[in-house]
Amino acid sequence: MHVLQIGSDRSKRGILFPGTPAFERQISYAHAFGRLDIVGFSLHSDGAIEHLQEGLSIHPTNSFSKLFYGLDTIRIVRRLPRPDVISVQDPFETGMLGLFIARMLNVPLHVQVHTDFLSPHYTQHSFLNRLRVAIAGFVLHRAQHVRVVSDRIKDEIVVHYRLKTHISVLPIFVDVEKFRDAPRLSGLEACFEQFKTKLLIVSRLEPEKNVALAIESFAKASPRESCLIIIGSGSEEEKLKKLTQEKNIAERVFFENAAAPIDYYPIVDLVLVTSHYEGYGLVIIEALAAGKPVLSTDVGIARAAGAIITSEQEFPAALAQWFKDGPRTMQLKNYSYKNFEEYVREYSDDIAASIKK
């Protein structure tokens, strides 16, 4: 099977840069498919380069402007062999482009959905997001197969669009054993040894992640001998730092520029997830796999995985209750895969189902 994948992940931890976990996963997918060509939206300034090896080819568009992503993708696709199926990483911009190319090449379209884009918070975020909801309906109705990462997203799509296209639920793979076996690092633990209770947030610092709610809840509910560790970066970082100063908790809130959040799970007591919406929620899976309780809004996989669920309005009270009564340990529930090989097989079968339609 020859798969052409179109995606928009430009991050330095993404598939366009060799040595990243995301890149290594593509090698496994290519071996399972037979051949995998990936065209990734990127800007010339990103510094991504074309990568070719047996069964796998990765082609950054290296566009001079985001306006040229589509034209540059078509230019690259025209010089590649005709695939058996096109898989797109979202039903929005890449979905629309993938649909156009699929029609041009007369091949089936496989659409992946990783975001809970029908959440009211998603559409309230921007006019562009509201436009994306309309584009998604057009694309999904014309796909041969749709893969989503949670039952929540599947149910919302079926109801909202009255979609008859087959939808499979294929959660994201997490190496849960790695988090279960993560060692406690004495040097890192010593950095926070003055605090009896340690809370953790692992998140992009963007509006949809609602990290301000976690800071405000911590300010209201936490005893003096506790601290909040925030791992992540984003457009709201300075705003959030200012908020900790306004709440007089800056000395107990630590913004860590950590490359390996896995090192922090063993030393903390509770993980907070305050997102307005999540497609899946990798942090929830990671924390619960590490045996740590998670206090979360009702997003993504949180409820099914076994997190403590509360609303945004009740988050401070729920945090206060946790400080009082716990629990201090929790276990991951309803995880889908025994190992990565099983996930790769299911992922390959899911894309192959598009061809059989």
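Residues SER203, SER226, ranked from the fewest to the most other C-beta atoms within 10 Å, line up as SER226, SER203. One quarter of the surface of the convex hull around the alpha-carbon atoms of the stretch 291-357 equals 6.3 nm², the direction-averaged projected area. Highest mobility in the GNM of the chain, judged by mean-square fluctuation with C-alpha springs under 10 Å and restricted to HIS44, HIS276, HIS166, is found for HIS44.
For GLN5, the residues whose amide H sits under 5 Å from its own are ASP37, ILE38, VAL39, SER87, ignoring neighbours fewer than 5 places away on the same chain, with H placed 1.01 Å from N. Distances between placed amide hydrogens fall under 5 Å for PHE92 paired with no residue 5 or more residues away or on another chain.
From the square roots a ≥ b ≥ c of the eigenvalues of the alpha-carbon gyration tensor of the stretch 176-325, which class results: rounded (a/c under 1.5), prolate (a/b over b/c), or oblate? Spell out each step's value before the answer.
Working: a/c = 1.27, a/b = 1.04, b/c = 1.22.
Rounded shape, in that the Cα axes give a/c under 1.5.
Computed from label points 7 Å out along Cα-Cβ, the spacing between VAL159 and LEU185 is 4.3 nm.
Taking the Cα centre of the stretch 176-325 as reference, the dipole from Cβ charges on Lys and Arg (+1) and Asp and Glu (-1) amounts to some 240 debye. Charges were assigned to the Cβ only: +1 to each Lys and Arg, -1 to each Asp and Glu. The resulting dipole of the stretch 258-353 about its Cα centre is roughly 340 debye. Computed on the Cα atoms alone, the convex hull of the chain gives a volume of 140 cubic angstrom per residue. For CYS191, CYS227, the sequence from fewest to most other C-beta atoms within 10 Å is CYS191, CYS227. Each residue of the stretch 77-94 was assigned a 3J(HN,Hα) from its phi angle through the Karplus expression (A = 6.51, B = -1.76, C = 1.60, θ = phi - 60°), giving 4, 4, 9, 9, x, 5, x, 7, 7, 10, 10, 10, 8, 7, x, 9, 5, 5 Hz with x at Gly and Pro.
Please enumerate, by chain and number, the lysines with C-alpha under 22 Å from the C-alpha of LYS209, excluding those fewer than 8 residues away in the same chain. Here the lysines satisfying the reach criterion relative to LYS209 are LYS12, LYS154, LYS198, LYS220, LYS239, LYS241, LYS242, LYS247, LYS292.
Given the -39500 (n - 2.57) contribution per DSSP H run of 4+ residues, what per-residue ellipticity at 222 nm results for the chain, rounded to the nearest 500 deg cm²/dmol? Walk me through the numbers on the way to the answer.
On the way: 14 runs with 137 residues, N = 357.
Taken over the chain, the calculation gives -11000 deg cm²/dmol.
Give the range of the longest stretch in the chain that excludes all GluC sites (Glu not before Pro) found in loop regions by DSSP and having at most 14 other beta-carbon atoms within 10 Å. Result for the longest clean stretch: 55-192. Simple point charges give the picture: +1 on the Cβ of Lys and Arg, -1 on the Cβ of Asp and Glu, and for the chain a dipole about the Cα centre of about 760 debye. The distance linking the stretch 101-135 with the stretch 1-57 is 21 Å (Cα centroid to Cα centroid, whole angstrom).
Each residue of the stretch 41-55 was assigned a 3J(HN,Hα) from its phi angle through the Karplus curve 6.51 cos²θ - 1.76 cosθ + 1.60 (θ = phi - 60°); the sequence is 4, 7, 9, 4, 6, 5, x, 6, 10, 5, 10, 10, 8, 4, x Hz, with glycine and proline shown as x. Taking the chain as a Gaussian network of alpha-carbon nodes connected by springs under 10 Å, the highest mean-square fluctuation of the residues ILE285, ILE201, ILE135 belongs to ILE135. Would the stretch 185-230 count as rounded, prolate or oblate if I go by the C-alpha gyration tensor, calling it rounded below 1.5 in a/c and otherwise prolate when a/b exceeds b/c, oblate otherwise? Verdict is oblate for the stretch 185-230.
Would you list THR165, THR94 from fewest to most Cβ contacts within 10 Å? Could the numbers behind the result be given before it?
Working: THR165 16, THR94 26.
Going from sparsest to densest Cβ surroundings: THR165, THR94.
Taking amide H as placed 1.01 Å from N in the peptide plane, SER63 has its amide H under 5 Å from the amide H of SER42, LEU43, HIS44, each at least 5 places away in sequence or on another chain.
Viscosity 1.306 mPa s, temperature 10 °C: Stokes-Einstein D of the stretch 7-124 from its Kirkwood Cα radius, in µm² per second?
Details: Rh = 14.9 Å.
Value of D from the Cα-based Kirkwood radius: 106 µm²/s.
By definition, a body whose alpha carbon gyration tensor gives a ≥ b ≥ c is prolate when a/c is 1.5 or more and a/b is larger than b/c, and the stretch 138-185 fits this prolate description. The phi torsions of the stretch 337-354, fed into the Karplus equation with coefficients 6.51, -1.76 and 1.60 and a -60° offset, translate into couplings of 10, 7, 7, 5, 4, 5, 4, 4, 4, 5, 5, 4, 5, 5, 5, 4, 4, 5 Hz, rounded to whole numbers, with Gly and Pro shown as x. Using the Cβ-Cβ distance between GLU225 and PHE64 with R0 set to 51 Å, the FRET efficiency works out to roughly 0.45.
A DSSP coil position with no more than 16 other Cβ atoms inside 10 Å describes the following trypsin sites (Lys or Arg not before Pro) in the stretch 100-192: ARG142, ARG162, LYS164, ARG184. Mean sequence separation of contacting Cα pairs (under 8 Å, at least six apart), scaled by the length of the stretch 176-325, corresponds to a relative contact order of 28 percent.
Quick note: the coordinates plus some simple rules give every number you see, no bench work behind them. From a predicted model like this one, the values you see are computed outputs, not experimental measurements. Cβ coordinates were reconstructed from backbone atoms using ideal geometry, including for glycine residues, and neighbour counts include every protein chain displayed.
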